[in-house]
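To start, the structure under review is shown below, and the notes come after it.
The values are calculated or read from the model by the stated rules, or taken from the named source; none is laboratory data. From a predicted model like this one, the values you see are computed outputs, not experimental measurements. FYI the Cβ positions are ideal-geometry reconstructions off the backbone, even for glycines, and counts take in every protein chain you see. Areas reflect the complete protein model, heavy atoms only, side chains present, ligands, DNA and RNA absent. Shrake-Rupley method; radii C 1.70, N 1.55, O 1.52, S 1.80 Å.
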Amino acid sequence: MPESSEFEARQCEPTQLAGRVAALARPLVFTNGVFDILHRGHVTYLAQARALGASLVVAANSDASTRRLGKGEDRPINRLEDRIAVLAALRSVDLVTWFDEDTPLTLILHCRPDVLVKGGDWKAQDIVGAKEVASWGGSVHSIPFRFERSTTATLERIRGR
């Protein structure tokens, strides 16, 4: 089990991202999402994303950004600081940051990943930043789901719907 300081050190203010990424091994993989209630689908996806490179950066939607996605009035269930701490504790994740905008494009431009990934519900050409990553010679992947899980479905089951 990692010491708290070990995984806390993997959390990164968005303004410090470019400098922190410079110290990571390449090829660098970037992904983003809400990661509200972490489940098997999330951790499997993140491990598969990490396998595409030498380092994995994860950008989480801020609480406000999450609410704008229309996932529900009470979402996210877990606050940003809790979500990024859990993500940072995963072995597959090298660095975690966040964004308050509707998309992570600014972060993608700052860290210039070699590989950009999203889950299988995204077509590669529709992934935010795909055009930019391809323009500097990077690759873009849509990783098929191995386990059909979703936080929304879990919440519906808890709520008895």
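By accessible area, using a 1.4 Å probe on protein heavy atoms only, the chain has 51% of its surface on carbon and sulfur. Suppose every K and R has +1 on its Cβ and every D and E has -1 on its Cβ; what is the size of the dipole of region 27-114 about the Cα centre, in Debye to the nearest 20? The dipole of region 27-114 has a size of about 260 debye.
Please state the charge dipole magnitude for region 1-40, taken about the Cα centre, from unit charges on C-beta atoms (+1 on K and R, -1 on D and E), reported in debye and rounded to the nearest 20.
Values: 4 positive and 5 negative charges, 51 e Å.
Computed charge dipole of region 1-40: roughly 240 debye.
Enter the accessible area per residue of the chain (Å², integer; probe 1.4 Å; all protein chains in place). Working shown, then result.
Numbers: 8560 Å² over 161 residues.
On a per-residue basis, 53 Å².
Helical content of the chain, expressed as a calculated mean residue ellipticity at 222 nm, amounts to -9000 deg cm²/dmol (DSSP H runs of 4 or more residues, -39,500 (n - 2.57) each, divided by residue number, nearest 500). Relative to the longest principal axis of the Cα atoms of the chain, helix 40-50 runs at roughly 0 degrees. Of the GluC sites (Glu not before Pro) in region 1-68, the ones in a loop by DSSP (not H, G, I, E or B) with at most 11 other beta carbons within 10 Å are GLU3. When +1 charges are put on Lys and Arg Cβ atoms and -1 charges on Asp and Glu Cβ atoms, the dipole computed for the chain relative to its Cα centre reaches about 500 debye.
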